[in-house]
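Heads up, the thing below is written out as structure tokens.
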Amino acid sequence: MPPDQQRLLRTTYTFGVAALAALVLLMITSFWLVQRTQSTTESVLKARAQRTSLVRLLSTVQDAETGQRGYLLTGEPRYLQPYETAVVEIGKRLAEVRAAFAGSPQDNSEIENIENEIAQKLSELAETIQAFKAAKGSEALDIVKTDRGKDLMDQIRASMGVVFEEVDKNLSEGVEEQRVDAAAARQFSLMAGAFILLTALGAIATIVKYTRQLVAARNELGELNAGLESRVKERTIELQRANEEIQRFAYIVSHDLRAPLVNVMGYTSELEASLETLQALTDDPGFNALANAEATKAAISSDLPESIGFIRTSTQKMDGLIKAILKLSREGQRVLSPERIDLGNFFDSIAGLVQHRVSSAGGEIRIMKPLAIIEGDRLALEQIFGNLVDNAIKYRAKDRPPVVTVRQLSSRWGMIDIVVEDNGRGISAEDKERVFDLFRRAGPQDQQGEGIGLAHVRTLVRRLGGEITMTSELGRGTTFRVTLPTKLIIRGD
């Protein structure tokens, strides 16, 4: 990966990790603040409920006292209604106070004290009212004048004042904690948001900068590609021309070489005819009377035939090489003609051409079907696989019948792999590369050939847009793997 891309990735990762860490911290802190605020709110609500219950209790007690005074002053029963209502409600108000202060041990003694004082106050109120109802108004007034009721009411207010003070203190503290928590949450949220925004802006700036560089590089690459395509096209045309020149040169040279070679072969035939005349002459009884007759006779009967045989063998080999060069030259000039080919039927026909040779050797050709249907040049494919199958039979092992297996590997990306495998004598490791070279042969030279078969096969495979590879083990067999496109593409000039 280029350094610029590595730097971009590191910077982007850094910004991303920082933003993620800030976000996680914000979530954790927000959760903590929410929990803290909830706890504080519950405390404030509890304090408010406590204060409200106390206020309502005090108001009810005051209502009872007001009803008592009104009745004692007027003697009219209708003034007792506030008292009677308050007496009924006081029990409910005390229950509300106890419920509001539940879970607050520090206030239990004060609440119990208030309950006792209220009970005494109610007793005092009931005593005066009962006395007044019994036509003992003076006794009721005497009880009032003792200030016992006033003292009890003052004690109730004082006791409630102590509790009010504690509740108001808790309420103030809770409200202050709420304010502090809200301020902290606001400040922290602003700080975290600002940090996340900065990291996002930094990441965006880095990406924008890299994007601009990438666009500039892409534009530059586009310009280079445009120039490269032009140069490649020019070089391709030059290579095509050079290839055509090489092919024409090979054809001309091969053709011109055959002319003197034909002359040599013709003169060799004349020498053989003349040699027959000389050999007939040596049978004449008068020939033995000539000087050096024995040496001349040995030269005519032995030396000259051997030399002529060497000349004929060499000219035949040279003629085969020239024909091979001409064949390669003509193949390079031939225009490929794509057609639909069923490989199953195709290999059946290939096997049929050599079946008699395989049967006579006691071997077999195994075509592993099903095989694909491709679009290719039939003549080129016949030469490729015909040569591979022919070599498998030609270079078979002497101690076992030949077995040639043709199978297809799985297709991929518009390509197909065909494997030709044999159990022949194999190829040594040092000869694995040279077998594809022109006029190079591996192993014992006990079979006829010029060493152009596999070179010709590789040339054809590459012309079809494929590739050929080989694996072999000496004494075990050889496997050729031919990779071909499923659809032949003819490239124009």
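Some notes on this structure:
- Members of the stretch 148-175 that are acidic (Asp, Glu) and in contact with a helix residue (DSSP H, G or I) (Cβ under 9 Å, 6 or more places away or on another chain): Glu166, Asp168, Glu173
- Filter result (on the phi > 0 side of the Ramachandran plot and outside any strand (DSSP E or B)) within the stretch 461-492: Gly465, Gly475
- Scanning the stretch 367-411 for residues that are over 22 Å from Gly453 (Cα atoms) and crowded, with 21+ Cβ neighbours inside 10 Å yields a single hit, Ile374.
- From Asp142, Asp147, Asp168, Asp151, residue being in contact (Cβ under 8 Å) with a residue 24 or more places away in the chain, farther than 19 Å from Tyr83 by Cβ and either surrounded by fewer than 15 Cβ atoms within 10 Å (Cβ to Cβ) or not assigned by TED's automatic domain parsing to the domain that holds Lys92 (or both): Asp168
- Note on the stretch 208-228: among residues that are more than 27 Å from Ala22 (Cβ to Cβ) and of a type in the set (A, V, I, L, M, F, W, C), the one that is surrounded by the most Cβ atoms within 10 Å (Cβ to Cβ) is Leu214.
- Some residue of the stretch 39-53 being more than 60 Å from the chain's Cα centre (by Cα) and closer than 19 Å to Glu127 by Cα: no
- Within the stretch 65-106, restricting attention to residues that are charged (D, E, K, R) and surrounded by 19 or more Cβ atoms within 10 Å (Cβ to Cβ), the residue that is nearest to Gln50 (Cα to Cα) is Arg93.
- Candidates Ala205, Ala192, filtered to the one that is of a type outside the set (Val, Ile, Thr), in contact (Cβ under 8 Å) with a residue 60 or more places away in the chain, in the same structural domain as Gln35 (by TED's automatic domain parsing) and surrounded by 12 or more Cβ atoms within 10 Å (Cβ to Cβ): Ala192
- Options Thr52, Thr29, Thr40; residue that is modelled with pLDDT of 80 or more and either surrounded by 14 or more Cβ atoms within 10 Å (Cβ to Cβ) or part of a helix (DSSP H, G or I) (or both): Thr52
- In this structure, Thr12 does not satisfy being exposed (fewer than 15 other Cβ atoms within 10 Å of the Cβ), part of a helix (DSSP H, G or I), in the same structural domain as Met191 (by TED's automatic domain parsing) and among the β-branched types (Val, Ile, Thr).
Residue-wise test of (1) part of a helix (DSSP H, G or I); (2) under 30 Å from Arg69 (Cα atoms); (3) among the β-branched types (Val, Ile, Thr).
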position	(1), (2), (3)
Ala158	yes, yes, no
Lys169	yes, no, no
Glu176	yes, no, no
Val180	yes, no, yes
Phe188	yes, no, no
Ala192	yes, no, no
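- Applying the condition of being of a type in the set (A, V, I, L, M, F, W, C) and farther than 18 Å from Lys398 by Cβ to the stretch 351-365 and asking which residue is surrounded by the most Cβ atoms within 10 Å (Cβ to Cβ) yields Ile365.
- The residues of the stretch 176-195 that are charged (D, E, K, R) and either farther than 16 Å from Thr41 by Cβ or touching a Pro at 6+ places or on another chain (Cβ under 9 Å) (or both) amount to a single one, Arg186.
- For the stretch 390-406, the criterion of a residue being small (Gly, Ala, Ser), in the same structural domain as Asn345 (by TED's automatic domain parsing) and at pLDDT below 85 is satisfied by no position.
- From the list Val88, Val55, the lone residue that is farther than 26 Å from Glu173 by Cβ and hydrophobic (A, V, I, L, M, F, W, C) is Val88.
- Lys121 being out of contact with any helix residue (DSSP H, G or I) (no Cβ under 8 Å at 6 or more places or on another chain), farther than 30 Å from Glu176 by Cβ and not β-branched (Val, Ile, Thr): no
- Of all residues making up the stretch 395-411, the number that are closer than 13 Å to Arg481 by Cβ and not in a loop (DSSP other than H, G, I, E, B): 4
The values are calculated or read from the model by the stated rules, or taken from the named source; none is laboratory data. Worth saying up front: this structure is predicted, and the values here are computed from it rather than measured. Counting neighbours? That spans all protein chains shown, and the Cβs are built from the backbone with ideal geometry, glycine included.
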